[in-house]
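Q: This is the structure I have questions about; it appears just below.
The values are calculated or read from the model by the stated rules, or taken from the named source; none is laboratory data. Because the structure is a prediction, the values reported are computed rather than measured. Reconstructed Cβ throughout: ideal geometry from the backbone, glycine too, with neighbour counts over all protein chains shown.
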Amino acid sequence: MTSPRDDILDKIRRALAVPGAPAAAPAPSLNAAKAFTGDPVMGYIPDPAGWRDEFDRRFIALGGEVHQADSNSELDAVLARILGPLPEGPVTLGDSARKEIPDLDVRILRLGRMVAAGSPAREAVAVAGITSARRVLAYSGTVLVTSRDEGDLGASLVPPVHLILTRPDRLIWGVPDALSFLAQDGPPRCGVLITGPSRTADIELTLVRGVHGPGSVHLIWLGWAGTGETQQG
Amino acid sequence: MPPAADFNQTVRRFLSDPTLQTALGRALGSFKGMRTRAVAELPEFEALRIRARDAKNKVLGRLDEYLTRLENNVRDRGGTVYWASTGDDAVDYIRRLAADKKLGRVVKGKSMVSEEIHLNQALEADGLEVYETDLGEYIIQLLGQRPSHIIGPAIHKTKEEIGRLFASKLGIPYTDVPEEMTRAVRKELRARFLAADLGITGANFAVAETGTLVLLENEGNIRMSTTLPPVHVAVMGIEKLVADWTDLAPLLRILPLSAVGQRLPSYVSFLTGPGRVRDEGPREFHLVLVDSFRSTVLADPLFRQMLRCLRCGACLNYCPVYRHLGGHGYPWVYSGPMGVALTAAAFGPQAARDISGASTLCQACGSVCPVMIDLPGLILEARKRAAMDEPGIGRLVDGMARILATPHGYDVFSRLAASGAMAVLSADGRVKRGPQRLWDLGRDRCLPRPAFEPFHRSPLDEESE
């Protein structure tokens, strides 16, 4: 008796032996055909000098907030501004955030917040999660988080607020760049491209943020001015 | 597939439902607007459609090889692969898995394949608690209905109807404020996510090269379902493959653009096998590959292009028939133009006879399809096959073809047809006598009275000679 696997593969092989019909002319597009001479998968790539502005514009348009911290004191001020108004409760850190700012736990504690170890139950009571972004996509205002750093998946998903730390050298243009980065050396168990807050429009198309994931996302650019004070650990 | 209801009655019922008509008009208008604005910003969009089509054709042309490659890579990463010849096989596997491992609390991400194979009903019959976790799907589950749109399952419901539903089923005070309703669902489902022992999702793509599943969403419920429970089962049609990460790029770009005009949705998850350490995700990962009708469709030289379909919903949004009927007017869980073509391909042309006959063949669906499926052509073909199935029609069409092939035959036939049409039509073009089917055809429209003199015999024609 053959297995379902063999049956399915056999049916596929017999199906593929049936010659295909000649390709029909596609229906005319609703979009006026535009000449495009570049790589259609990458699309139009603007001057890299404008990528930061493009990223910020898209991230903000999706409901995110962009901050910049070029020194440790500026970082403390940004953290205080974001975490200060939040209700009582701890903050959870992904390992990538600790690598980014080695004394981040201390800085959070100085703001009067406890730091919760990453676990679903702890993350569920945390008021904010902090991770780093491995890559930042200007094309869509997107950040890449992966499971290569312990705690990053939970910290970027379960608390209602997500803080993302990143640096200028992580800025890339588009989707193909992100996929190349993910696939190199074999993909991680989990990688996530995050574009704005969790959202839905399932009830009468009314946009609501924070359905299951964070309703509020903040991106903090570190070292953009090149002072070196917020150096990576 | 459920038994066909009386199509004409169904159409009349939906057309005379003002709430449905308002909801559909508003939703589809919004979806189209978002897509149009996003596409207008991208000069490469048409070239991207070609790349997306070619990427799917490449994998479908050697589907057996890519499927085995995917299987090997999923297994190498510690996952389990199950091949399901039918929907029932897939359901049975998941039921057995749940029973063997004593998994009783299920959280589900939106999956059209699971709708197709009626997975929820089977698991609930076994006593499992099953929670749909996409907000729209959750509403649909509470209503006991099927989704009315691929990406907007509850677009046919008003906020007042949903408010009453939540008050009755969740025991919360009535509210029709979407933010408050969403907060209530977040609270309700958060507890379910944390307690769940099985997460079930579909997959938008599977990368054969590495055994990676790719899932797109906006809410975060799929991330929850694939991260928190200790066991993750992904149910996927065998056509959802891409060869490698290079081919994934055009598809990943074009799917959210076509669906709702997003450059990327809130979350795109790339999952490769089960987790290896704490917080990396489920300890077990099972991939259920569902054939069902797919290998049969692959054997059809014309309809095999349906296996390129990304389930983006763009063809639904642009279809004037779907705009007035909504998804529940279609015979199967797949609706709109792609649903008509897929129904005909999977169950035979008779299954889609009425709904393919309702198509206006306006071509809008084919124009927006991100993988360039010739949907108008397939719907026309479904119509043709359904007609040719009827007794005597084949001989009639052959005979007509012979008559019309000669100038004399054409002339005589057109004069007879004109006389016949004038006999059944009144001066204002309404049907005044004839068989029932003709009455049905003329009920809501005035038909043009034909000229007795055929066009090719008209004075204009003679002058030009």
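Q: Among the residues of the range A:97-153, count how many are more than 30 Å from A:Val41 (Cβ to Cβ) and in a helix (DSSP H, G or I).
A: Summing the residues that are more than 30 Å from A:Val41 (Cβ to Cβ) and in a helix (DSSP H, G or I) in the range A:97-153 gives 17.
Q: Next up: Which fully enclosed helices (runs of 4 or more DSSP H) of the range B:59-139 have 1 or more residues being more than 11 Å from chain A (Cβ to nearest Cβ) and acidic (Asp, Glu)?
A: Per the criteria, B:87-100, B:112-116, B:119-125.
Q: Sort out which residues of the range B:375-386 are closer than 18 Å to B:Pro320 by Cβ and either surrounded by 19 or more Cβ atoms within 10 Å (Cβ to Cβ) or within 10 Å of chain A (Cβ to nearest Cβ) (or both), and write them in order of number.
A: B:Leu375, B:Pro376, B:Gly377, B:Leu378, B:Ile379, B:Ala382, B:Arg383
Q: Could you please find all residues in the range B:37-53 being more than 7 Å from chain A (Cβ to nearest Cβ) and touching a Gly at 6+ places or on another chain (Cβ under 7 Å)?
A: Those that are more than 7 Å from chain A (Cβ to nearest Cβ) and touching a Gly at 6+ places or on another chain (Cβ under 7 Å): B:Arg37, B:Ala38.
Yes/no per residue for (1) more than 14 Å from every other protein chain (Cβ to nearest Cβ); (2) out of contact with any strand residue (DSSP E or B) (no Cβ under 7 Å at 6 or more places or on another chain):
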position	(1), (2)
A:Thr37	no, yes
A:Arg58	no, yes
A:Pro85	yes, yes
A:Pro90	yes, no
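Q: Answer yes if at least one residue in the range B:171-188 is within 11 Å of A:Asp202 (Cα to Cα), of a type in the set (Gly, Ala, Ser) and assigned to a loop (DSSP other than H, G, I, E, B), and no otherwise.
A: Scanning the range B:171-188 turns up no residue that is within 11 Å of A:Asp202 (Cα to Cα), of a type in the set (Gly, Ala, Ser) and assigned to a loop (DSSP other than H, G, I, E, B).
Q: Identify, by number, the condition in (1) surrounded by 21 or more Cβ atoms within 10 Å (Cβ to Cβ); (2) free of Cβ contacts under 8 Å to residues at least 40 places away in the same chain that B:Leu143 doesn't meet.
A: (1)
Q: Among the residues that make up the range B:271-291, is at least one of them touching a residue at least 12 places away in the same chain (Cβ under 8 Å) and part of a helix (DSSP H, G or I)?
A: There is no residue in the range B:271-291 that is touching a residue at least 12 places away in the same chain (Cβ under 8 Å) and part of a helix (DSSP H, G or I).
Q: Count, please, the residues in the range B:388-431 that happen to be of a type in the set (Gly, Ala, Ser), in contact with a helix residue (DSSP H, G or I) (Cβ under 6 Å, 6 or more places away or on another chain) and at pLDDT below 85.
A: 1
Q: Collect the residues in the range B:49-98 that are over 27 Å from A:Val18 (Cβ atoms) and of a type in the set (Gly, Ala, Ser), keeping them in residue-number order.
A: Residues satisfying the conditions are B:Gly78, B:Gly79, B:Ala98.
Q: Additional query: Does B:Lys56 satisfy the condition of being at pLDDT below 95, buried (at least 19 other Cβ atoms within 10 Å of the Cβ), more than 8 Å from chain A (Cβ to nearest Cβ) and in contact with a strand residue (DSSP E or B) (Cβ under 8 Å, 6 or more places away or on another chain)?
A: So B:Lys56 fails the test.
Q: Under the condition of being under 26 Å from A:Gly210 (Cβ atoms) and among the charged types (D, E, K, R), which residue from the range A:141-188 is farthest from the other protein chains (Cβ to nearest Cβ)?
A: Once the filter is applied, the top-ranked residue is A:Arg170.
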